[in-house]
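Dumping the structure here so I can ask a few things about it.
The values are calculated or read from the model by the stated rules, or taken from the named source; none is laboratory data. Just so you know, these numbers come straight off a predicted model, no measurement behind them. Here Cβ is always computed from backbone atoms with ideal geometry, including for glycine, and neighbour counts include all displayed protein chains. Heavy atoms of the whole protein, side chains included, go into the accessibility calculation; ligands, DNA and RNA do not. Shrake-Rupley method; radii C 1.70, N 1.55, O 1.52, S 1.80 Å.
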Amino acid sequence: MKQYYPNPKLKRILERTQYKKHPKWSKRKWVRRILAMIVPISGIIIYFYNINTPKPIYVQDELFIKVTNISIPVCMAIFFSIPYIGYRKFLERSCATDSRDRENDTLVISDEDLRYIYHPSYDSDIRLFTEFEIRFEDITKIVYNTYNERVDIYGKQKEIYYKDFTTGEIARIADVDDPNETIRLYLYFEENEEILKTLQERSTAETKIIDYPTE
C-alpha cells in the first residue's frame with residue numbers, strides 16, 4: 001500500500017488554469033472579444049465627441065477642458081468594462097472544475113484497490129471527508145486526458161461519507177453498481193507518472209489517452 005499527496009505548487013497552478021481548458025471557455029471567446037472591444041471603442045467615440053462638442057461660453061479654462069476631455073472618456077470606458085468583467089467572472093465560475101472543491105486529498109493505492117479521500121472545501125466542518133474506493137478488477141475503462149491534466153477511472157465503486165474522519169465515524173456508505181461511474185483524479189500529485197503506471201499495470205481495463213478539452 002502506498003499513499004500519494006498533492007504537490008501544493010502543482011495544485012495551485014492547476015486550480016488557477018483549469019477553467020481556461022474547459023470547452024465552453026474557448027467557445028465563448030468571441031463573446032469576450034466583443035465585450036472587450038466595446039471598452040476602447042466607447043472611450044474613443046466619447047473622446048472625439050467630447051472634443052468636437054462646443055463648450056458653454058462660461059467654460060474657458062483650458063486645463064479644465066483638457067482634463068474633462070480625458071476624464072469623461074476614461075470614466076465611460078470604465079463603465080463599459082463592467083459587462084466584460086462581469087461576464088468573464090460568470091464564465092470562469094461556470095467553467096471551474098471540481099478540483100477547487102477538494103482539500104487535504106490523499107490517494108491510497110494497494111494491490112487490490114484504489115481509494116481517493118478528500119475534504120469538500122465548500123463544507124465548513126473540517127471533520128467531513130469523502131472517500132471513493134474502486135477495486136482494480138472492477139475498473140472498466142481509464143481515460144487519461146493530457147490536455148486537462150486528469151485521469152478518469154470508470155467502474156462500479158464504493159462511496160464512503162465520513163461524519164468525522166478523525167475518529168472513523170461514517171455517515172453513509174453507497175455501493176454504486178454502475179460501470180460508467182467515474183472517479184476523476186487531477187494530476188497534481190507528487191508522483192503522477194507512478195500513479196498512471198500503477199493504474200495501467202494493476203488494471204486489465206483499456207487506457208485511452210486523449211489530448212483535447214472535455215467537460
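Compute the separation of the alpha-carbon centres of the range 82-127 and the range 154-197 and state it in Å as a whole number.
Computed from Cα coordinates, the inter-centre distance equals 13 Å.
Have a look at Ile44, Gln3, Ile34 and report the one farthest towards the positive end of the charge dipole of the range 1-49, computed about the Cα centre with Cβ charges (Lys/Arg +1, Asp/Glu -1).
Result: Gln3, furthest along the dipole toward the positive end.
Another question about this same structure. So which chymotrypsin sites (Phe, Trp or Tyr not before Pro) in the range 137-215 pass both tests, a DSSP loop state and at most 16 other Cβ atoms within 10 Å of the Cβ?
Here the sparse-neighbourhood loop sites are Tyr147.
With θ set to phi - 60°, apply the Karplus curve 6.51 cos²θ - 1.76 cosθ + 1.60 along the range 158-174 and write out the HN-Hα couplings as whole Hz, x wherever there is a Gly or Pro.
Couplings: 10, 10, 10, 10, 8, 7, 8, 5, 5, 9, x, 6, 9, 8, 7, 10, 10 Hz.
Under 5 Å between amide H atoms, partner at least 5 residues away or on a different chain: which partners does Asp123 have, H built in plane at 1.01 Å?
Counting only residues 5 or more places away or on other chains, the set is empty.
Probe radius 1.4 Å, ligands and nucleic acids left out: which of Leu196, Leu10 has the largest accessible area, and how do the rest follow?
Leu10, Leu196
Please go through the residue pairs Lys27/Lys89; Lys21/Lys89; Lys24/Lys156; Lys20/Lys89; Lys9/Lys156 and name each one whose alpha carbons sit more than 21 Å apart in this structure.
From Lys27/Lys89; Lys21/Lys89; Lys24/Lys156; Lys20/Lys89; Lys9/Lys156, over 21 Å: Lys24/Lys156; Lys9/Lys156.
So, one more: Once amide H atoms are placed 1.01 Å from N in the peptide plane, what residues at a sequence separation of 5 or more from Asp113, or on another chain, have their amide H within under 5 Å of its amide H?
It is Phe136, by chain and number.
Angle, helix 192-202 long axis vs. longest principal axis of the chain, Cα atoms, 0 to 90°, nearest 10?
Value to nearest ten degrees: 40.
Between Leu187 and residues 5 or more places away or on another chain, which pairs have amide H atoms under 5 Å apart, with H built 1.01 Å from N, and which residues are they?
Counting only residues 5 or more places away or on other chains, the set is Arg150, Val151.
Calculate, for the chain, the solvent-accessible area per residue in square angstrom, rolling a 1.4 angstrom probe over the heavy atoms of the protein chains.
Per residue, the chain has 62 Å² of solvent-accessible surface.
I would also like to ask the following. Applying the Karplus parametrisation 6.51 cos²θ - 1.76 cosθ + 1.60 with θ = phi - 60° to the phi angles of the range 14-30, what ³J(HN,Hα) value in whole Hz is obtained for each residue in order, glycine and proline being reported as x?
Whole-Hz 3J(HN,Hα) from phi for the range 14-30: 5, 5, 7, 10, 4, 5, 6, 9, 6, x, 5, 5, 6, 5, 9, 4, 5.
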